[in-house]
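Chemist: Pasting a structure here, questions to come.
The values are calculated or read from the model by the stated rules, or taken from the named source; none is laboratory data. The structure displayed is predicted, hence computed values, not measured ones. Glycine also receives a Cβ, built like all others from the backbone with ideal geometry; neighbour counts cover every protein chain displayed.
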Amino acid sequence: MSKFWLKSYSEGTPHEITQDPNRSVADLITDAVARYGDHTAFVNRGASLSFAQFGKLAEDLAAYLQHEMGVKKGDRIAVMMPNMMAFPVAMAGIVLAGGVQVNVNPMYTPDELRHQLNDAGVKTIVIFTGSTPTLAKVIADTPVEHVITAELSDAGGPALPSPAPATMPTDIHRLSEALSAGADLTRDPVALTGEDMLFLQYTGGTTGLSKGAVLSHGNLVANTLQYRAFAGDAISPGKEVVLTVLPLYHIFALMANLITYIDQGGTNHLVTDPRDVDHLLDLFETARPTMLTGVNTLFAGLVMHPRFATIDHSALRISIGGGAPVLEATSNKWQEITGRPICQGYGLSETSPVLALNPLDTMSFSGAAGLPVPSTDIRLLNDKDEDVALGEEGEICATGPQVMSGYWQNPEANNDAFTADGYFRTGDIGVFTGDGYVKIVDRKKDMVLVSGFNVFPNEVEATIAHIDGVAECACIGVPDDKTGEALRLFVVIEAGKSLSTEDITAYAREHLTAYKVPKQIAFVAALPKSTVGKILRRELRDYD
């Protein structure tokens, strides 16, 4: 099946992208600064930076890193902070200095941070002061020599207080001072091409220690071109307003929100605390975003808030869901309020991240992850690495200019990650529809075997989510003496509603095959989630 999905592309969408192999993200940034200098690039809690100001700060930081920190091309520099003004400035400064950014979750535990800093060989870290206590606990066990602390007010940020940095056995440099010192220095130009390393993007580590996906400048430039090709007329350069709620240290927001819309001259509203729902709703009212990325839990939380339905969402043209499957019930509520469905996409850290996306001009929820984006080839393979027939389930394996070269210094993992002919094994089970849409069935490791039958939790969750009164749900497999494994369903009930075990079981029996009906049902106040809103099924296994 040779790219049979191309017949379903929207009119005018190119089948392939045209990419300059020498173009880097540094080129993308400097070109955008030159093109959109007076436009507002970033806003955070009322403070703003123009593209010209953003470009100047990035140049100053790059010069400081080169001349005061000794940063050379290819050096790994960690960035550990939430969505704040310092994040895009740090990223651009590292890129212009020729460094490789190691994205670090600011909520990491000491053990997680120690592993990542050691694995990447990080000598310099730019870190939010509020995360420094974690670093202080492990810095002696890492190669880190230079610590640059960032506050909310730095790099043109709002005049808000930040925690004092923790004491550490190394020199601490303030970002504000680094930028001031860098203003008197001149950045040394660095020759970069698409083949040069840009990010070390660490996977979640659900199957062991996290691995660093090596993403090049070319990978990210390609994915911005692929997304831009799919967006078509939905993007107006220089006029977009982006609401960035998902964390920028995650590859989804880093590519789709930050890098893509720097290139397009968009205004990016950075949301530092996504739990502050009132502030988020204020932004929907005052900023009137044209584009939003999110996960199902974010969209579901918004549509359940009574104030959300009172806001004028006519400016919102693009709502993209990723990271985890978007439920049809959530998209239907979203479309009822905003006038447009949630456009689901699919990808991984290893693919920069987008592999598939629904056409952005669609006016209905497809339930699929989307069509493979331009210049991407996807195959569904069985356990013998043979292509499955159309309509059959197989592991999603992909090639394309956005796919990583491999994991950082991990040849064993690389051997397992690619097929003999170079297709990346995603570990996800999918099926192609007749018109070329990829539907994600589930992760291989989340599959539950009930009396010899394969059950994929996503299907059960999507069904139960339609029950009135179910706010969220998650399904896992648990040991069972009779069936080998049984399904255990965790349910969060919507405020003001009531549901019983019998209600859910009756609905499940009506809509699911008998072996897919959960044997155990537990009502919980909340589901465990990652910092990007993914439900963590593995933690549910520890629930009583």
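Chemist: So which of Val79, Val144, Val126, Val89 is surrounded by 20 or more Cβ atoms within 10 Å (Cβ to Cβ), over 20 Å from Thr272 (Cα atoms) and either in the same structural domain as Leu209 (by TED's automatic domain parsing) or touching an Asp or Glu at 6+ places or on another chain (Cβ under 7 Å) (or both)?
Modeler: None of the others qualify; the one that does is Val144.
Chemist: Might you let me know whether the stretch 59-68 holds any residue that is surrounded by fewer than 20 Cβ atoms within 10 Å (Cβ to Cβ) and either touching a helix residue (DSSP H, G or I) at 6+ places or on another chain (Cβ under 6 Å) or not aromatic (Phe, Trp, Tyr) (or both)?
Modeler: So far as the stretch 59-68 goes, yes, one or more of its residues are surrounded by fewer than 20 Cβ atoms within 10 Å (Cβ to Cβ) and either touching a helix residue (DSSP H, G or I) at 6+ places or on another chain (Cβ under 6 Å) or not aromatic (Phe, Trp, Tyr) (or both).
Chemist: Name the one entry in Gly46, Gly37 that is within 30 Å of Lys239 (Cα to Cα), surrounded by fewer than 22 Cβ atoms within 10 Å (Cβ to Cβ) and in contact with a Gly (Cβ under 8 Å, 6 or more places away or on another chain).
Modeler: Gly37
Chemist: Moving to a separate point now. If Ile504 satisfies every condition in (1) in contact with a Pro (Cβ under 9 Å, 6 or more places away or on another chain); (2) closer than 21 Å to Asp542 by Cα; (3) not polar (S, T, N, Q) but one, which is the exception?
Modeler: For Ile504, the failing item is (2).
Chemist: Here's a follow-up. Would a scan of the stretch 96-116 turn up a residue that is of a type in the set (Phe, Trp, Tyr) and outside any loop (DSSP other than H, G, I, E, B)?
Modeler: Checked against the condition, which is being of a type in the set (Phe, Trp, Tyr) and outside any loop (DSSP other than H, G, I, E, B), the stretch 96-116 yields no hits at all.
Chemist: Working only within the stretch 320-337, note down all residues that are at pLDDT 95 or above and either farther than 23 Å from Pro247 by Cα or surrounded by fewer than 23 Cβ atoms within 10 Å (Cβ to Cβ) (or both).
Modeler: Asn332, Lys333, Gln335, Glu336, Ile337
Chemist: Got at least one residue in the stretch 44-51 being farther than 18 Å from Ile127 by Cβ, at pLDDT 95 or above, of a type in the set (S, T, N, Q) and assigned to a helix (DSSP H, G or I)?
Modeler: The answer is no, given that none of the residues of the stretch 44-51 is farther than 18 Å from Ile127 by Cβ, at pLDDT 95 or above, of a type in the set (S, T, N, Q) and assigned to a helix (DSSP H, G or I).
Chemist: Next up: Filter the stretch 382-422 for residues that are small (Gly, Ala, Ser) and under 23 Å from the mean Cα position of the chain (by Cα); which is surrounded by the fewest Cβ atoms within 10 Å (Cβ to Cβ)?
Modeler: Checking each candidate, the answer is Ser405.
Chemist: Quick check on the stretch 510-523. Is at least one of its residues modelled with pLDDT of 95 or more, β-branched (Val, Ile, Thr) and closer than 29 Å to Ala253 by Cβ?
Modeler: no
Chemist: Next question. So which residues in the stretch 476-534 are assigned to a loop (DSSP other than H, G, I, E, B), small (Gly, Ala, Ser) and either farther than 26 Å from Gly321 by Cα or not assigned by TED's automatic domain parsing to the domain that holds Phe456 (or both), if there are any at all?
Modeler: Gly496, Ser498, Ser500
Chemist: Please find, within the stretch 524-538, the residue that is farthest from the chain's Cα centre (by Cα) out of those that are surrounded by 14 or more Cβ atoms within 10 Å (Cβ to Cβ) and of a type in the set (A, V, I, L, M, F, W, C).
Modeler: Val524
Chemist: A further question on this structure: Within the stretch 326-381, considering only strands (runs of 3 or more DSSP E) that don't extend past its boundaries, which have at least 3 residues that are within 22 Å of the chain's Cα centre (by Cα) and touching a residue at least 12 places away in the same chain (Cβ under 8 Å)?
Modeler: Working: elements: 343-347, 354-357, 377-381.
Counting at least 3 such residues, we get 343-347, 354-357.
Chemist: May I pose another question? With over 25 Å from Glu59 (Cα atoms) and either in the same structural domain as Ser530 (by TED's automatic domain parsing) or not aliphatic (A, V, I, L, M) (or both) as the only criterion, which of Gly182, Gly212, Gly157, Gly194 stands out?
Modeler: Numbers: Gly182 fails: over 25 Å from Glu59 (Cα atoms); Gly157 fails: over 25 Å from Glu59 (Cα atoms); Gly194 fails: over 25 Å from Glu59 (Cα atoms).
Exactly one of Gly182, Gly212, Gly157, Gly194 is over 25 Å from Glu59 (Cα atoms) and either in the same structural domain as Ser530 (by TED's automatic domain parsing) or not aliphatic (A, V, I, L, M) (or both), namely Gly212.
Chemist: Still on this structure, please answer the following. Taking the stretch 290-316 on its own, how many of its residues are in contact with a helix residue (DSSP H, G or I) (Cβ under 7 Å, 6 or more places away or on another chain), within 16 Å of Glu240 (Cβ to Cβ) and surrounded by 22 or more Cβ atoms within 10 Å (Cβ to Cβ)?
Modeler: Matching residues across the stretch 290-316 total 1.
Chemist: State whether the residues of the stretch 383-404 include one that is charged (D, E, K, R), outside any strand (DSSP E or B), within 30 Å of Thr267 (Cβ to Cβ) and in contact (Cβ under 8 Å) with a residue 40 or more places away in the chain.
Modeler: Checked the stretch 383-404: no residue is charged (D, E, K, R), outside any strand (DSSP E or B), within 30 Å of Thr267 (Cβ to Cβ) and in contact (Cβ under 8 Å) with a residue 40 or more places away in the chain.
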